[in-house]
Structure formats: structure tokens, C-alpha cells
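Working notes, structure below.
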4 protein chains.
Amino acid sequence: MNVIADLTVLPIGVGTSLSKYIAACERVLNDYELETRLHAYGTNIEGEWDTVFAAVKRCHEVLHEMGVPRVSCVIKAGTRTDRDQTMDDKVRSVEEKMGG
Amino acid sequence: MNVIADLTVLPIGVGTSLSKYIAACERVLNDYELETRLHAYGTNIEGEWDTVFAAVKRCHEVLHEMGVPRVSCVIKAGTRTDRDQTMDDKVRSVEEKMGG
Amino acid sequence: MNVIADLTVLPIGVGTSLSKYIAACERVLNDYELETRLHAYGTNIEGEWDTVFAAVKRCHEVLHEMGVPRVSCVIKAGTRTDRDQTMDDKVRSVEEKMGG
Amino acid sequence: MNVIADLTVLPIGVGTSLSKYIAACERVLNDYELETRLHAYGTNIEGEWDTVFAAVKRCHEVLHEMGVPRVSCVIKAGTRTDRDQTMDDKVRSVEEKMGG
């Protein structure tokens, strides 16, 4: 089952500079060879359900190994059986309707 | 790794009456013997990470089997290494600070 | 426009014990006389759109006044024109479908 | 109070092709002259708190006017008092930590 997901990771208890932790999560997603798009409030992810969620679990583990005592994440996950759709399809589809 | 999670499932393409689909997901969570608390915008879930996320995947599968063409969910997941905490601990801790 | 919402507030940069900040937000919601239900990963809120979102803004302000340098929240908001529905209706509707 | 937000809008009860509704919301955000970045699971938004949330409310209203009976949205909102930060700063900060 393919999924398009969006992941926001919030490390808690390590101050306010979080980018090094977010970068560590990005490297985890790369390790799992997932298609990703980083944005200003999270990361879009596309892939097989089990791979995507294994990677999310690994993000929590890696942050705890880095000394983060508390990790909260928000995941959105979309699956559909009516047709195949990529992340780029989704963006393009909205942009087409906006033009003209 | 224990997790306290919150799951909101949104079946898309089957009209506006969604409670039978939400009820089907609640039954899935029960099948996995997870501790849950249904609320008005989702369900709190407590358990082992792998069990929780296996159940979430099964919710998507079950809804598609029921004929839902598109399923979007929002999951919040919190893990911590500093101390053990249950869902009830979290609520009680806030309520104590509100009293008096 | 009536809304059923769910609010999760995450104070960042003040350590891992967050319940006093969540309690402060609950008091804000009470000040706005909103109907609320606290749960283990946030708070269900029911009310007029403008009142609900004025209260959410006030939560951010109050936490900053308490010295929280960074606040992230997640809000879910549902509106519908097909029929009136309360938070309790939503829960009851799912529970009815689960029984039997 | 400046906010960096992320908005995902889910129109319910109008089938599975949602891009024309998302495009309508993008036009609303443009009407409010907000800085936005469309991605595959929502839109990053940067601006003054009141303007951002007035635009979100208007999205719900416009979708209902288009005949959508039920609209659910997910908003993430981040405010900080420790320093100024733009959406582009956030992405750049993570990318810098990933390089090398």
C-alpha cells in the first residue's frame, strides 16, 4: 500500500534550536531511500506504507539516542485505491486549477 | 518503545456520515488490544509503537475494504525516555495544575 | 459559523514538564466560556469560530508571557452546513455504531 | 504577532477529486496577500496572526459557498519570541545541517 505522508517532528526538552534534530530525521528518511520534500513545517514523504512508518519510528529512536528526552510528531498519511498519484501530481493538479 | 498517540481518520469519497467508518476503526484498535479513549475529534491510543502503527495501517486497509476510495489520517505520537507516563497521568497532571 | 475543534499546544524551550502550560491554556479556554473536553493529547473545543480562534491566539500570548520562547500548536477545525452537531453527538454516533 | 503556519484543508462530501477546492483556498490566501508555499499535503503560510486566521476562516466559508457540506482542516501554527525567522530561514537552517 503506497502512502503520501507528511511528517513534523518536535523535539522537546532540548531548547529552541531544533534544526540539527530535523536534519538528523532527514538523514533517516534518506537512509530508507524515501522520496521526500522538505518544507517549512515538515517533510512530505512518498513510499510504501511499511517503509515510511519504519523510518518515522527510526526518527524517534535516533532523536532519543541524541539525548532528546521527549519527542512528539505529527504524521498525516493519505492512501487511495481509486488511482495512483504522486506528491508532484498533487501539487501540479492544484496549480493547474489556479492558473488562467 | 511505548507511545501515546492520537488518531483522526478521515474517509473521503463516501459522503458526510462518517461514524460507521470511525466505529470500524475503533473495532480494529480493540482487536489489537490497545488502550484507547474516543473523543470528539479522534482517539487517544496507548501501547507499544509497533502495535499502535500496525493498527493504524489496518484501519486504512479496513476502510478501503469497506469501499472508501481515499483515506487521510492524522496521527500524533509522543515518546519519552525521561519517565513513564500513561494517558491518564497526562490528563491528571493538567487537571491538578488547574485546581485550587 | 460554529466549529468543533481540537487543540494541541506544544511549548518549546522550557524543558519536558509541560502540564502547567497546558493548564494555563485550559484556563484561557474557560475564560472565553468555551465548551471543552480535555484529553490525553489535546482539548476538544466547541463554539463560535471567532471565539475559538481568539482563545487559541490568547493561549500563544499567555505562554509567551509565561516565558515560553517558542510555541507550536496543532488545531483541527470542522465546520458543516448539512446539520448541527455537538462534540457529544459525534462521540455518541460512533459509540452507537460500535454496540451490538 | 507573526506566525509560520501550515494549513491542510479537507473538503468532505464532494467525492475524491479535491484539487479545485484546494485551488480555491490558495486563491483566498493570495487575496489576503499572505506569503505561501504549496506542498503535497498542505500549504505553508507566513504572516500576521490575525490575517492568517482570517484567511483560514474565509477558506471554510468559500468551500461551503461552493457547496461543500463539511470541511475539516488541520492548522499548525508556530510563534516565537526569541528571534525572527522566515519560512525560508527554517528550510535553509535544516539544509545547512544536512550538508557536508
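The values are calculated or read from the model by the stated rules, or taken from the named source; none is laboratory data. Everything quoted here is computed from the prediction, not taken from an experiment. No Cβ is skipped: glycine too gets one built from the backbone with ideal geometry, and neighbour counts run over all protein chains shown. Side chains are part of the model used for accessible areas, which takes the heavy atoms of the whole protein and leaves out ligands, DNA and RNA. Shrake-Rupley method; radii C 1.70, N 1.55, O 1.52, S 1.80 Å.
Tally up the residues in the stretch A:64-100 that are under 24 Å from D:Ala24 (Cβ atoms) and among the hydroxyl-bearing types (Ser, Thr, Tyr), please.
Here the count works out to 2.
Considering only the stretch C:1-17, state which residues are farther than 18 Å from D:Ser72 by Cβ and either in a helix (DSSP H, G or I) or of a type outside the set (Ser, Thr, Tyr) (or both).
Listed by number, the residues that qualify are C:Val9, C:Leu10, C:Pro11, C:Ile12, C:Gly13, C:Val14, C:Gly15.
Which condition breaks for C:Asp82 when tested against (1) closer than 22 Å to B:Met98 by Cα; (2) part of a loop (DSSP other than H, G, I, E, B); (3) not basic (Lys, Arg)?
The failed condition is (1).
Please pick out the residue among D:Val71, D:Val94 that is out of contact with any Asp or Glu (no Cβ under 7 Å at 6 or more places or on another chain), at pLDDT 95 or above and not in a loop (DSSP other than H, G, I, E, B).
Result of the check over D:Val71, D:Val94: D:Val71.
Looking at (1) without any contact (Cβ under 8 Å) to a residue 40 or more places away in the chain; (2) open to solvent by 30 Å² or more (accessible area, probe 1.4 Å); (3) under 10 Å from the mean Cα position of the chain (by Cα), find the lone condition where A:Thr43 falls short.
So A:Thr43 meets the others, but not (2).
Would you pick out the residues in the stretch C:53-87 that are under 15 Å from the mean Cα position of the chain (by Cα), open to solvent by 30 Å² or more (accessible area, probe 1.4 Å) and within 12 Å of chain B (Cβ to nearest Cβ)?
C:Thr86, the sole residue that qualifies.
Would you tally the residues in the stretch D:18-40 being more than 20 Å from D:Thr79 (Cβ to Cβ), in contact (Cβ under 8 Å) with a residue 24 or more places away in the chain and of a type in the set (A, V, I, L, M)?
2
Report yes if D:Ile12 is touching a Pro at 6+ places or on another chain (Cβ under 9 Å), open to solvent by less than 30 Å² (accessible area, probe 1.4 Å) and farther than 18 Å from A:Val9 by Cβ, otherwise no.
Yes, satisfied.
Residues of the stretch D:89-100 being at the interface with chain A (Cβ under 8 Å from one of its Cβ atoms), open to solvent by less than 70 Å² (accessible area, probe 1.4 Å) and of a type outside the set (A, V, I, L, M, F, W, C), which ones?
Correct list: D:Lys90, D:Ser93.
So if I check each of B:Ile4, B:Ile45, which one is within 7 Å of chain C (Cβ to nearest Cβ) and not small (Gly, Ala, Ser)?
B:Ile4
Can you pull out every residue in the stretch C:26-36 that is more than 9 Å from chain B (Cβ to nearest Cβ) and either under 12 Å from the mean Cα position of the chain (by Cα) or assigned to a loop (DSSP other than H, G, I, E, B) (or both)?
To start, the set of residues in the stretch C:26-36 that are more than 9 Å from chain B (Cβ to nearest Cβ) comprises C:28-29, C:31-36.
C:Val28, C:Leu29, C:Tyr32, C:Glu33, C:Leu34, C:Glu35, C:Thr36 - these are the residues of the stretch C:26-36 that are more than 9 Å from chain B (Cβ to nearest Cβ) and either under 12 Å from the mean Cα position of the chain (by Cα) or assigned to a loop (DSSP other than H, G, I, E, B) (or both).
In a helix (DSSP H, G or I), more than 9 Å from chain D (Cβ to nearest Cβ) and either surrounded by fewer than 21 Cβ atoms within 10 Å (Cβ to Cβ) or under 12 Å from the mean Cα position of the chain (by Cα) (or both): does that describe A:Lys20?
no
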